[in-house]
1. Counting helices only, and only those DSSP H runs with n ≥ 4, report the 222 nm mean residue ellipticity of the chain as the sum of -39,500 (n - 2.57) divided by its residues, in deg cm²/dmol to the nearest 500.
2. With a/c under 1.5 counting as rounded, go ahead and sort the stretch 1-77 into rounded, prolate or oblate using the C-alpha gyration tensor (a ≥ b ≥ c being the square roots of the eigenvalues; past the cut-off, prolate if a/b is larger than b/c, else oblate).
3. As an exercise, use a Förster radius of 35 Å and the Cβ-Cβ distance of M40 and C98 to find the FRET efficiency, rounded to the nearest 0.05.
4. Please label the shape of the stretch 16-131 as rounded, prolate or oblate, based on the square roots a ≥ b ≥ c of the eigenvalues of the alpha-carbon gyration tensor (a/c under 1.5 means rounded; beyond that, a/b larger than b/c means prolate, else oblate).
5. Pull up all non-local amide H partners of S85: gap of 5 or more, or a different chain, and H-to-H distance under 5 Å with H placed in the peptide plane.
6. With a 1.4 Å probe and every protein chain left in place, work out the accessible area per residue of the chain in Å², rounded to a whole number.
7. Between N227 and R196, with labels modelled 7 Å along Cα→Cβ, what's the label distance in nm to one decimal, could you check?
8. Under a point spin-label approximation (7 Å from Cα along Cα-to-Cβ), what is the C139-A32 distance to one decimal in nm?
Amino acid sequence: MSVLLVHLNAIGLCGPGLENWAASRVVLSGAAPYVTAPTMIAPSDYLPAAERRRVGTAVKLALAAAKDALSAGDFDASQLLSVFSSSGGDGDNCHTICEALASSDRLISPTRFTNSVHNAPSGYWGIALKARPASTSICAFDGSFAMGLLEAATQALMARAPVLLIAYDTPYPEPLRTCRPIASSMGVALVVSHQRTSATLASLQVQLGKAPPSKMPDAMLEALRINVPAARCLPLLRAIAGRETNAQLALDLFDNQQLMVKVGI
């Protein structure tokens, strides 16, 4: 594939010990030590009260990451194209539905069923922001962040418009956790555009390639990168936080192919 050049205009973050992008930059740049802590997801004021009661952790996490990104710039959130990417969606809801199906009555609540579909966060996003532009929901196992970035870059260039990418993952309870261990809840949001703006943080040249995946120098952050699919974004965020001009990164996509990203500050 040819090289896709897009511009990164905002970052949002919500993860273990990484409360938001503003607080995390000093850690990701290596200027301060990383201290792990439970993921703190702030209540979203995007959703009406009735909808807030219905949503699970995955939706709350996705909206928290998006809000952090959009608070940093002059964006009309209701007009943004959006890409939602997750390796597994709402693990708690999946577990509860499996329990119901394994019980004697096998009844599933309408709310549980609504929240079970992979594009549930996208639907709630549309409700919350009255957003009518197209939204895409994808899944690519451990490569979900890289696939989401590739999709967002492609859409930004095709539509010649900014695109909001939200990548998020939440753990499964046992016994599903044994089969698919995800260590923590984490969400990241990026706004990419086809042209540079006054808000641009970095330019990204994106293409498919083969190289060993980029790692984090801090052992605890590397463990987070490995154990949470959405955290495969960390090498990219580290390069931007540290203002690493012309950083060459390989982000996990498939076993024999990575997403190559050249970062220009």
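The values are calculated or read from the model by the stated rules, or taken from the named source; none is laboratory data. The structure presented is a predicted model; accordingly, all values stated were derived computationally and were not measured. All Cβ positions, glycine included, derive from the backbone under ideal geometry; neighbour counts span all protein chains shown. Only protein heavy atoms, including side chains, enter the accessible area calculation; ligands, DNA and RNA are left aside. Shrake-Rupley method; radii C 1.70, N 1.55, O 1.52, S 1.80 Å.
1. Values: 10 runs with 93 residues, N = 265.
When only DSSP H runs of four or more count, the value is -10000 deg cm²/dmol.
2. Details: a/c = 2.05, a/b = 1.20, b/c = 1.71.
Since a/c reaches 1.5 but b/c is at least a/b, the shape of the stretch 1-77 is classed as oblate.
3. Details: r = 28 Å, r/R0 = 0.79.
Once rounded, the FRET efficiency stands at 0.80.
4. Details: a/c = 2.66, a/b = 1.49, b/c = 1.79.
The shape class here is oblate.
5. Correct list: I138, I166, A167, Y168.
6. Details: 12060 Å² over 265 residues.
I get 46 Å² per residue for the chain.
7. 4.0 nm
8. 3.6 nm
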